[in-house]
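J.: Below is one structure. I have some questions about it.
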Amino acid sequence: MYKQLIILLVVVFSLVSCHQDSITLVERDYTTGILISGEGSGAGTGSVTYLSSDQSAKHQFIYLSANGVQLGTFLQSIAFSEISAYIIVDNTNTISVVDKSSFIKTGEIKEDLKTPRFMTVIGEKGYVTNWGDPYNTTDDFIAVVDLSNNKVEKTISVGNGPERIISKGNKLYVSHKGAYGTNNIISIIDTLSDSVSEIKVEDNPDELFFNSHDNLVVLSEGNTIYNPTDWSIEGHTVGAIQTIDVTSNTVISSLPFKEGEHPSLMVFDAGEIYYYAEGKVFKINENDEVLSATVLIAQNLYGMDVKYGRLYGVEPNYTAQSSFYVFDLETQEQTFTTKVALGASKIYLRD
Amino acid sequence: MMKRCRTLFFGGLLCSAVVFAQNDSINRLEKVILVADSYVRNNVVGQKTTLLTSEQMVKNATNLTEIIRFNTPVSVRDYGNGGASSARFRGTSAENTAVMWNGININAFGNGQTGLNSLSLSTADEIVVKSGGGSVKYGSGAIGGSIHANDNLYFKKHQNLHLFGSYGSFNTTSNFLKTSFGSKQWAVKLGASVNKSTNDYELIDTRYKDEKGDFLTNNNGNYQNYGLSLSLGYQFSDGNTLSFYTTGYKGDRLFSGNLTQPETNDKYIDVNQRNLWVWKVQKNRFSHVLKTAYLTQEYRYFVDKNNFDYDFGKSKRWLFNYDFTYFFNQNSSLNTFLDFQNIEGKTNQISPKTREQYAFAIGFQSFFMEQWEYNIELKKEFNSAFHVPPVFVVGTNYTLKDAHEILLNISSNYRVPTLNELYWPNNQGNLDLIPEKSNQVDLGYQYKNNWLTLKTTIFFMDVMDKIIWTPQINSTSWKPINLEESTHTGVEFYSNFYYSISNHQFIEATTNYTYTMAKDVDTHKDLIFVPRHLFNSIVNYQNGNLTAYVQNLSQSKVFTTEDNLNHTANILQGFTVFNLGMGVLFFQDQAKSLHVELSIKNMFNELYSFSVLRPMPGTNFNININYKL
């Protein structure tokens, strides 16, 4: 009987024999193609998936395979300069700086960030939106990073919940989605004087871009109002696509959504605005005066982009790999799908 | 010393031994020892139970997580050493494990779980780990299995004192005091525990280091907790006892980060208080047990330990239970009970909610022949919030020859939705949820002789309508939904081997091995964080005054994503860790003893973890003093 026991012990030990997991570092060129960032979850950290332009090659966990270590959770967004990619992980208050083509880490921005969200680059400076403490509505700021030494050189105080940030000339345009609360402003920051002015839009502005008339187009999601005692829905404020003349800082057009319909994604390509609301993608021309009633594509999406007649989208999964889709805009058919990063949220198309 | 090890040995055998025993001997035993939850100890039919005595628990005195992990067939998932931790039987969820205190289910109303690091059971006299469902007796959550802590009262003239203290690496100290005294009429037991640690161990993963090239540290893992318990019993006459159990606990912990985020500020406070009154009358052919209990729980979660703002959850629970048994003769009995509970819970975001539940159960237990015992039990619960299906259990033990026994248990079980699942803020709660249900079959074989005990169980379980938090369209909100079905198939194996080499020398080995195949019915993928192989063992050796032990825990690789992506980023590697202890027994005389022991934990500095990027401590040391008077 001892013998059997000993044999059993040996068998069990060999079954569960221990080995440290080590990663063979690989150096690849990710200059062209598609990058998909995943936020990560309790099942795994944030990660980046690479797809070649024709989707024939796929590499998962490209930060891990280039550096041997993982990113934190949650990977919020990635910004790009001439030579670097800046990977923003909001929970860890860290921006990992990597070489834009190899994804090998070259530095880190760690100090003076608090819940960083998005970043844009003007010359040698990076501008990062920060929520601060997401529950605190008065500690939000833009961190100005000197990209030559990866240090935050100063901060600019702004209203609650700064989210997306884009630049035009020396000016920054920031949408205030409102962090864990709600907000309804676009901040305009003059980087020469650090002066901040605000434009009021509909509630929870998120995605924004400049159209071909150099007007700023903003997507506001609208807010859902809950009854604080039983959390039933008490009402909604409307979402809208609004166009702002940035010379006079006035809203010149406003296309409201139906009450209770909350759009969440918007991209601009060749004069067309593609937007997503509640499981459906629609398209309007930048000069249109009403929203579209025609569903272009019906698909749950959390991130999307459009280029060369194709629409790219991700449907996230936080407990397994997410789904990535390519649609042909001509036929509106899905032409490709594959599994990508855990909690996939953003798509970056590179040339 | 022989007496001590014999006690230990027989302790290990007890759960299998009792099934051979006749009712009258149990009754005789119970006249001296009063066990609040005597059912799990004596009357479980057709299922495997594992008894942990105080002797086994002190080997892993740091926390309950370690006790369960190193001594039972149960897999424990945690968020770093000392962090949130929960037990999972046979690949089921934390909500499918019922934790019982003196027979009362103490899973939280808020999340349906019991955190193993927010509970101190070091002063319990025994922990019984029951594998397999038990909803008929133990209610919601007893799907995968249940963990029972009992405080025993002794109605005989006695006076005992047990003092335990340990100190080791990372300023970890675990201490308890337990005293009991009594007479034929009175029984008193007092327990107190204090556990503390700065818990700032090095995270020994060579891939993650700071700018200077040093290991990162677990620098927000500090914990301290205090427990007090009192048990009182009065025996009016033979078989007529009144007892009262009360316990309070306060835990204050910081929640550490992981390798990619070592800097955190989270803090968590638990305060629990439990009271139980039991009146037991056993006369002629009738047995009545009247119970009432009042339990309160509260947690406070601080996003920033330096800030006064916190989220909280609170609950209070009243329970009344009347249990009646009629003995037809020595071999057959009819049992019935009525149970009423009133639970009220709230959080800073959920206004107070009350749930009332009534349950009625009836059971019959008998011996066909001397060697064939069986029982049938049925229960129906009525709940103010939703429909609860009726559940049943059929169990049987058949003794082949004296030493061999075949067990069979078939049962259905359930887990009711929790406060959070029903009422989570921002319209994320789901009032349409129904209870999770399971059906299971356990087939066991047990063998024992003077030096060897073997227990094996083959189990099959089907868990339906599992409540899963699922992202909604747009992914901004999550809602719990009755979504998944899973099957759980496997084997549990237990062995205890005792060999007396000479009068002064013995060796004892105890092992648990669990093979679990838990699959999602739709995707056919393995459930996440479920190890296929789980093995633990302890070998105790004693020669005169010198003692030694080697303990080990092995777990195979687990997947962390539901699509079972076999990539290093989404798995936890399998591992084997060893602990070693050596001690000196300064004296031993009857129940009195003084033992001092030095332990080396994780001897080979193995890098291992139970959640993504949260390594457990490397090699560490502690010394303990175990004094019994």
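Rule-based calculations on the coordinates, nothing more; no lab input. In this text, all values refer to a predicted model and were calculated from it rather than measured experimentally. Methodologically, a virtual Cβ is constructed for each residue, glycine included, from the backbone with ideal geometry; neighbour enumeration extends over all protein chains shown.
J.: Add +1 for every Lys or Arg and -1 for every Asp or Glu among the other residues with Cβ under 9 Å from the Cβ of residue B:314, and state the total.
T.: Combined, the nearby Lys, Arg, Asp and Glu give 0.
J.: Taking the Cα centre of segment B:294-421 as the origin, how large is its charge dipole in debye, to the nearest 20, when only Lys and Arg (+1) and Asp and Glu (-1) carry charge on their Cβ atoms?
T.: 440
J.: Also, quick follow-up: For segment B:362-414, which trypsin sites (Lys or Arg not before Pro) are both in a DSSP coil and crowded by at most 16 other Cβ atoms within 10 Å?
T.: Counting only loop positions with at most 16 other Cβ atoms within 10 Å, the trypsin sites (Lys or Arg not before Pro) in segment B:362-414 are B:401.
J.: Now for a different question. Taking θ as phi - 60°, what are the ³J(HN,Hα) couplings along segment B:500-511 by the Karplus curve (6.51, -1.76, 1.60), each to the nearest whole Hz, with x for Gly and Pro?
T.: Per-residue couplings from phi come out as 8, 6, 8, 4, 10, 10, 8, 9, 9, 10, 10, 9 Hz.
J.: A follow-up question, please. What order do you get for A:314, A:246 when you list them from fewest to most C-beta neighbours inside 10 Å?
T.: Fewest-to-most Cβ neighbours within 10 Å comes out as A:246, A:314.
J.: As a footprinting exposure proxy, order B:268, B:301 by other Cβ within 10 Å, with the fewest listed first.
T.: With the sparsest Cβ surroundings first, the list reads B:301, B:268.
J.: Further question: Of B:577, B:348, A:176, which is farthest on the positive side of the dipole of the protein assembly as shown, counting Cα position, with +1 on Lys and Arg Cβ, -1 on Asp and Glu Cβ, and the Cα centre as origin?
T.: B:577
J.: For residue B:629, project a label point 7 Å along Cα to C-beta. Then give me every residue of segment B:552-587 with its amide nitrogen under 18 Å of that point.
T.: B:586-587
J.: Using only Cα atoms, find the angle between the long axis of helix A:2-15 and the longest principal axis of chain A, and express it within 0 to 90 degrees, rounded to the nearest 10.
T.: So the helix axis and the longest Cα principal axis differ by about 30 degrees.
J.: Right, another one. Run the helix sum for the protein assembly as shown: -39,500 (n - 2.57) per DSSP H stretch of 4+ residues, divided by residue count, reported at 222 nm to the nearest 500 deg cm²/dmol.
T.: For the protein assembly as shown, the value works out to -2000 deg cm²/dmol.
J.: Arrange the following residues from fewest to most other Cβ atoms within 10 Å of their Cβ: A:86, A:30, B:447, A:308.
T.: Starting with the residue having the fewest Cβ neighbours, the order is A:308, B:447, A:30, A:86.
J.: Residue by residue, what Karplus-based ³J(HN,Hα) values in Hz, rounded to whole numbers, does segment B:480-495 have, using 6.51, -1.76 and 1.60 with θ = phi - 60° and x for Gly and Pro?
T.: Computed from phi, the couplings for segment B:480-495 are x, 9, 6, 10, 9, 10, 9, 10, 10, 10, x, 9, 10, 10, 10, 9 Hz.
J.: Now for a different question. Short version: ³J(HN,Hα) in whole Hz for each residue of segment B:431-442, in order, from phi by Karplus 6.51 cos²θ - 1.76 cosθ + 1.60 (θ = phi - 60°), x for Gly and Pro, what are they?
T.: Once θ is set to phi - 60°, the couplings for segment B:431-442 become 6, 8, 5, 10, x, 6, 10, 9, 10, 8, 10, 10 Hz.
J.: Also, I was wondering about something else. Using alpha-carbon pairs under 8 Å, 6+ residues apart, how would you state the relative contact order of chain A in percent?
T.: Reported relative contact order: 12 percent.
J.: Would you mind computing, in nm to one decimal, how far apart the modelled labels at residue A:212 and residue B:368 are, each placed 7 Å from Cα along Cα→Cβ?
T.: The modelled label-to-label distance comes out at 8.6 nm.
J.: Multiplying the sequence separation of residue B:286 and residue B:224 by 0.36 nm and subtracting their Cα-Cα distance, what value in nm do you get?
T.: Here the segment from residue B:286 to residue B:224 would lengthen by 17.7 nm.
J.: Gain in length, residue B:246 to residue B:309, computed as 0.36 nm per residue apart minus the alpha-carbon separation, to one decimal in nm?
T.: Gain in length upon complete extension: 19.6 nm.
J.: Compute the length gained on full extension between residue B:279 and residue B:523: take 0.36 nm times their separation in residues and subtract their Cα-Cα distance, giving the result in nm to one decimal.
T.: That pair, residue B:279 and residue B:523, stretches by 82.8 nm at full extension.
J.: Any idea what the dipole of the protein assembly as shown comes to, in debye rounded to 20, about its Cα centre with Lys/Arg Cβ at +1 and Asp/Glu Cβ at -1?
T.: 5120
J.: Continuing with this model, one more query. So if I take the centroid of the Cα atoms in segment A:38-100 and the same for segment B:259-290, what is the distance between those two points in Å?
T.: 45
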